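The values are calculated or read from the model by the stated rules, or taken from the named source; none is laboratory data. Since the model is a prediction, treat every value here as computed from it, not as a measurement. Don't worry about glycine lacking a Cβ; one is built from the backbone with ideal geometry, like all the others, and counts go over all protein chains shown.
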Amino acid sequence: MRLILILYIFLTLTGIQNAFSQDAFPFFEESDKIPKDLLNERSVVFMNVKNLNWDEQARKIHQYFAETGVDAVAYYSLSDILSGHDASNSFYNDITSRSIENMIIVHQTDNAYSLYISDIPKGGTFFTESMLVYELKAKTLEELGKSLLTKTEQASLSRSNFLIIDVPETFKRTHVIKSRRLADYNADLRIDKLAVPKFEKNVMMTEDIGEANETLDSLMQTHYPFRYGLVNANISDEEMIAQGYLMVLRKLENNGESLKRMLGYNTSDDETLYISVRKGPLSQVSKFTKGDKVHKYYIQQLYTKDIYLGEEWDADTTWQEALINHTENIKNALKDQ
């Protein structure tokens, strides 16, 4: 039976803003068995709840994981994990390097909670099509935790996890950029051909893939003044270099506060609005709350891995507007140099 997972994250200061949604999430298939090594191996937990302070819910559910024998060694916001290519790769490498085998999603709807449990897929991604997932549902976190305890006892799972930390380790301030970041534009864009990855089917993509890629190409033709080429989404850096590309266009999406943090910007708890700037003939200034879901483009140099964020914060609430913002800012800064 195909399990449809509706993912809604409501992230504003009050916790009621849609950060991303999936009307249909066809990557999961329902399993009637709990992963056999759940109580023997380490687990990572992805929180998908209606609160920027998701670590509060993490503390509540962690006590039940510990009692059950689930060694939940790391907690992340699911919106961070799914925010884009660089973020997903960085988190996957960090998590799997810690010998973590199991993945748990705590998901909150309007009136209930769900728990999704699976093995972490091999091959560099947390989500693959037709992955088997065990699901539990309850009205409260407490009921969800008790249900997990009951189900694991009924399944007679072997247990070797006994030394479990009392307080969950939460990662809310994680940067995903490991290389040098620069707040400007690479002047070599004027002569080097830019690789632009096409969209592919994934848990974040709700649009028709073909139409999205046609729009992507059209927007690049209209707003990007230099040479570029569309490349397959799963192409490696080495393959792009072999094809003559030296730089690639990247994108992340998340609530504004998390996105700024992940990209290494300085943030302040007192700052509630972020100003997005587009320069040039199509100039405009937009304001978004720190909890609004936004998209941010940037350029990565393939050899050095340096990223060029641009001189302005130019994120926007749709990928199309964010792309126009960034390409117009590049054009304004470099075309006449």
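Select, from E153, E143, E129, the only residue that is within 28 Å of G84 (Cα to Cα) and either out of contact with any Cys (no Cβ under 7 Å at 6 or more places or on another chain) or not assigned by TED's automatic domain parsing to the domain that holds V45 (or both). Unique residue meeting the criteria: E129. Criterion applied to I100, I61 was being out of contact with any Pro (no Cβ under 6 Å at 6 or more places or on another chain) and surrounded by 23 or more Cβ atoms within 10 Å (Cβ to Cβ), and the one residue passing it is I61. Within segment 107-118, restricting attention to residues that are touching a strand residue (DSSP E or B) at 6+ places or on another chain (Cβ under 6 Å) and not small (G, A, S), the residue that is nearest to H62 (Cα to Cα) is L115. The selection criterion, being under 20 Å from N102 (Cβ atoms), surrounded by 11 or more Cβ atoms within 10 Å (Cβ to Cβ) and in contact with a Ser or Thr (Cβ under 8 Å, 6 or more places away or on another chain), does not hold for T170. When segment 130-158 is filtered for residues that are surrounded by 13 or more Cβ atoms within 10 Å (Cβ to Cβ) and of a type in the set (D, E, K, R), the ones remaining, listed by number, are E135, K137, E142, E143, K146, K151.
Annotation note: Cβ proximity below 8 Å between a residue of segment 271-283 that is on the phi > 0 side of the Ramachandran plot and a residue that is buried (at least 19 other Cβ atoms within 10 Å of the Cβ) and not in a strand (DSSP E or B) (sequence gap 6+ or interchain) occurs for G280/E328; G280/N329; G280/K331; G280/N332. Mind checking whether some residue in segment 122-145 is over 21 Å from the mean Cα position of the chain (by Cα) and of a type in the set (S, T, Y)? Yes, segment 122-145 contains a residue that is over 21 Å from the mean Cα position of the chain (by Cα) and of a type in the set (S, T, Y).
Condition check ((1) more than 16 Å from F226 (Cα to Cα); (2) outside the structural domain of L249 (by TED's automatic domain parsing); (3) of a type in the set (D, E, K, R); (4) not in a strand (DSSP E or B)) across all residues:
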{"position": "K287", "(1), (2), (3), (4)": "yes, no, yes, no"}
{"position": "K296", "(1), (2), (3), (4)": "yes, no, yes, no"}
{"position": "I299", "(1), (2), (3), (4)": "no, no, no, no"}
{"position": "T304", "(1), (2), (3), (4)": "yes, no, no, yes"}
{"position": "E311", "(1), (2), (3), (4)": "yes, no, yes, yes"}
{"position": "Q320", "(1), (2), (3), (4)": "yes, no, no, yes"}
{"position": "L323", "(1), (2), (3), (4)": "no, no, no, yes"}
{"position": "T327", "(1), (2), (3), (4)": "no, no, no, yes"}
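Every residue in segment 231-263 that is surrounded by 15 or more Cβ atoms within 10 Å (Cβ to Cβ) and either without any contact (Cβ under 8 Å) to a residue 24 or more places away in the chain or part of a strand (DSSP E or B) (or both), please. Scanning segment 231-263 gives V231, M247, V248, L249, R250, K251, L252, E253, N254, N255.
Being acidic (D, E) and in contact with a helix residue (DSSP H, G or I) (Cβ under 6 Å, 6 or more places away or on another chain) is the filter here; which residues of segment 252-311 pass it? First the steps, then the outcome.
Taking segment 252-311 first, the residues acidic (D, E) are 253, 257, 269-271, 292, 306, 311.
D292 - this is the single residue of segment 252-311 that is acidic (D, E) and in contact with a helix residue (DSSP H, G or I) (Cβ under 6 Å, 6 or more places away or on another chain).
Residues of segment 217-239 that are touching a Pro at 6+ places or on another chain (Cβ under 9 Å) and either over 26 Å from K305 (Cβ atoms) or at pLDDT 95 or above (or both): L230, V231. Taking segment 95-118 as the range and being touching a residue at least 40 places away in the same chain (Cβ under 8 Å) and either in a helix (DSSP H, G or I) or in contact with a Cys (Cβ under 6 Å, 6 or more places away or on another chain) (or both) as the test, only I95 passes.
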